[in-house]
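**Q** Once you've had a glance at the structure underneath, I'll fire off some questions.
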Amino acid sequence: MNNEDKTIHGFDVNLICDFFLNTERQGPGSPEVTLKALGFIDNLTDKSHIADIGCGTGGQTMVLARHAPGHITGLDFYPGFVDRFNGNARELNLQDRVKGIVGSMDDLPFRNEDLDLIWSEGAVYNIGFERGLNEWHKYLKTGGYIAVSESSWFTEKRPAEIHNFWMDVYPEIDTIPNKVAQVQKAGYIPVATFILPENCWTEHYFRPLGKAREMFLNKHAGNKTVEELMAFQQYEEELYRKYKEFYGYVFFIAKKIER
Ligand code: SAH
């Protein structure tokens with residue numbers, strides 16, 4: 001996939017990726033939450049094939065690999081993340097079971113019914129939750145699992161400021177029951193749903209991001225685009241602190257049935 005013309009919220013993707021190379025995670029989450037979600041999955045053996053879609057540098061993949069049997073393919077469209085991912089796997093001596101590849105989530109390089117588990121933390125929004133659930137269904141074996149985290153509304157109503165922010169960046173955000181209905185409709189049994197605790201945002205995401213921002217601003221001193229990107233991130237953090245009772249990340253774990 002060609003990154004050159006791509007933007008996220010109007011920012012150049014390569015700049016964003018360069019920034020996120022300095023962080024262990026590229027979205028809210030934590031090792032505890034990865035393991036909690038994994039606890040609902042009961043079909044894995046040494047022969048299993050797991051895919052981690054939108055794996056980033058692999059923070060959550062390495063946790064999965066240390067606690068689940070089988071082989072894991074991490075897939076991300078940014079080569080810099082995949083290089084770092086494979087370096088991390090080697091450092092942990094996981095390279096025989098864990099491999100990162102460059103690819104796009106809208107055209108996965110797997111065979112039909114190849115996978116026992118599809119994992120995806122904080123990434124499916126790039127093509128949309130419903131589309132991801134529907135398109136990825138065919139790659140799973142019947143009885144295989146999907147585990148994805150996704151931003152969701154906690155309440156039916158919310159203040160206009162936060163509502164408008166999300167309508168701008170990801171209008172597919174929806175309430176948990178509506179998302180669960182989409183899971184069911186796409187051909188899965190909804191097995192579990194849980195809200196990521198606040199520390200997944202504050203401790204594991206915003207705090208390291210704050211440090212990375214300082215470094216990045218020094219490296220790119222005087223660069224207006226970088227300053228704007230950093231200001232946007234700070235705004236996202238402020239919004240979370242102000243409105244966290246209205247939205248957050250939710251893990252959806254589901255089991256494939258025939259459609
Ligand atoms: N799962 C990681 C990264 C989440 S950030 C974590 O939780 O830390 C979202 C990731 O999706 C980024 O690494 C980004 O490069 C990747 N991504 C965005 N669009 C993609 C696409 N079309 N195909 C594959 N990966 C994509």
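**Q** Go through ARG90, ARG111, ARG25 for me and flag whichever is touching a Gly at 6+ places or on another chain (Cβ under 7 Å), basic (Lys, Arg) and more than 15 Å from VAL148 (Cα to Cα). Outline the logic, then answer.
**A** Numbers: ARG90 fails: touching a Gly at 6+ places or on another chain (Cβ under 7 Å); ARG111 fails: touching a Gly at 6+ places or on another chain (Cβ under 7 Å).
Going through ARG90, ARG111, ARG25 in turn, just one is touching a Gly at 6+ places or on another chain (Cβ under 7 Å), basic (Lys, Arg) and more than 15 Å from VAL148 (Cα to Cα): ARG25.
**Q** Still on this structure, I have one more. If only one of GLU198, GLU237 is farther than 27 Å from ARG131 by Cα, under 20 Å from the mean Cα position of the chain (by Cα) and open to solvent by 60 Å² or more (accessible area, probe 1.4 Å), which one is it? Break it down stepwise before answering.
**A** On the way: GLU237 fails: open to solvent by 60 Å² or more (accessible area, probe 1.4 Å).
The conditions single out GLU198.
**Q** Go through (1) of a type in the set (Ser, Thr, Tyr); (2) within 22 Å of THR34 (Cα to Cα); (3) surrounded by fewer than 17 Cβ atoms within 10 Å (Cβ to Cβ) for TYR205 and report which single condition fails.
**A** (3)
**Q** Return the only residue of PHE85, PHE40 being within 15 Å of the ligand (Cβ to nearest atom) and either closer than 15 Å to GLU121 by Cβ or not acidic (Asp, Glu) (or both).
**A** Residue meeting the stated conditions: PHE85.
**Q** Just one of (1) open to solvent by less than 20 Å² (accessible area, probe 1.4 Å); (2) under 25 Å from LEU196 (Cβ atoms) trips up ASP42, so point out which.
**A** (1)
**Q** Only one of these is more than 9 Å from the ligand (Cβ to nearest atom), hydroxyl-bearing (Ser, Thr, Tyr) and open to solvent by less than 40 Å² (accessible area, probe 1.4 Å): SER104, SER30. Name it.
**A** Working: SER104 fails: more than 9 Å from the ligand (Cβ to nearest atom).
Going through SER104, SER30 in turn, just one is more than 9 Å from the ligand (Cβ to nearest atom), hydroxyl-bearing (Ser, Thr, Tyr) and open to solvent by less than 40 Å² (accessible area, probe 1.4 Å): SER30.
**Q** Restrict the check to the stretch 53-64 and report whether at least one residue is open to solvent by 40 Å² or more (accessible area, probe 1.4 Å) and within 15 Å of the ligand (Cβ to nearest atom). Before you say what the answer is, go through the steps one by one.
**A** Within the stretch 53-64, the subset open to solvent by 40 Å² or more (accessible area, probe 1.4 Å) is none.
No, that holds for no residue.
**Q** Just to check your reading of the model, which residue among VAL191, VAL250, VAL226 is modelled with pLDDT of 95 or more and buried (at least 18 other Cβ atoms within 10 Å of the Cβ)? Break it down into steps so the answer makes sense when it comes.
**A** Numbers: VAL191 fails: buried (at least 18 other Cβ atoms within 10 Å of the Cβ); VAL226 fails: modelled with pLDDT of 95 or more.
VAL250 is the lone residue from the list that is modelled with pLDDT of 95 or more and buried (at least 18 other Cβ atoms within 10 Å of the Cβ).
**Q** Can you find even one residue in the stretch 16-23 that is under 17 Å from the mean Cα position of the chain (by Cα) and among the aromatic types (Phe, Trp, Tyr)?
**A** Looking through the stretch 16-23, at least one residue is under 17 Å from the mean Cα position of the chain (by Cα) and among the aromatic types (Phe, Trp, Tyr).
**Q** If you go through the stretch 82-92 one residue at a time, do you hit one that is aromatic (Phe, Trp, Tyr) and open to solvent by 10 Å² or more (accessible area, probe 1.4 Å)?
**A** Pass one, the stretch 82-92, residues aromatic (Phe, Trp, Tyr): 85.
Subsequent filtering for residues that are open to solvent by 10 Å² or more (accessible area, probe 1.4 Å) retains none.
Within the stretch 82-92, none of the residues are aromatic (Phe, Trp, Tyr) and open to solvent by 10 Å² or more (accessible area, probe 1.4 Å).
**Q** Something else: Being surrounded by 11 or more Cβ atoms within 10 Å (Cβ to Cβ) and among the polar types (S, T, N, Q) is the filter here, so list the residues in the stretch 143-163 that pass it.
**A** Of everything in the stretch 143-163, those that are surrounded by 11 or more Cβ atoms within 10 Å (Cβ to Cβ) and among the polar types (S, T, N, Q) turn out to be SER149, SER151, SER152.
**Q** Answer yes if at least one residue in the stretch 122-138 is touching a Cys at 6+ places or on another chain (Cβ under 7 Å) and open to solvent by less than 10 Å² (accessible area, probe 1.4 Å), and no otherwise. Show your work before the answer.
**A** Of the stretch 122-138, the ones touching a Cys at 6+ places or on another chain (Cβ under 7 Å) are none.
There is no residue in the stretch 122-138 that is touching a Cys at 6+ places or on another chain (Cβ under 7 Å) and open to solvent by less than 10 Å² (accessible area, probe 1.4 Å).
**Q** From the set of residues in the stretch 107-137 that are more than 11 Å from the ligand (Cβ to nearest atom) and of a type in the set (S, T, N, Q), which is nearest to GLY27 (Cα to Cα)?
**A** ASN134
The values are calculated or read from the model by the stated rules, or taken from the named source; none is laboratory data. This is a predicted model, so every value here is computed, not measured. All Cβ positions, glycine included, derive from the backbone under ideal geometry; neighbour counts span all protein chains shown. Ligands, DNA and RNA are stripped out before the accessible areas are found, and what is left, the full protein with its side chains, is counted by its heavy atoms. Shrake-Rupley method; radii C 1.70, N 1.55, O 1.52, S 1.80 Å.
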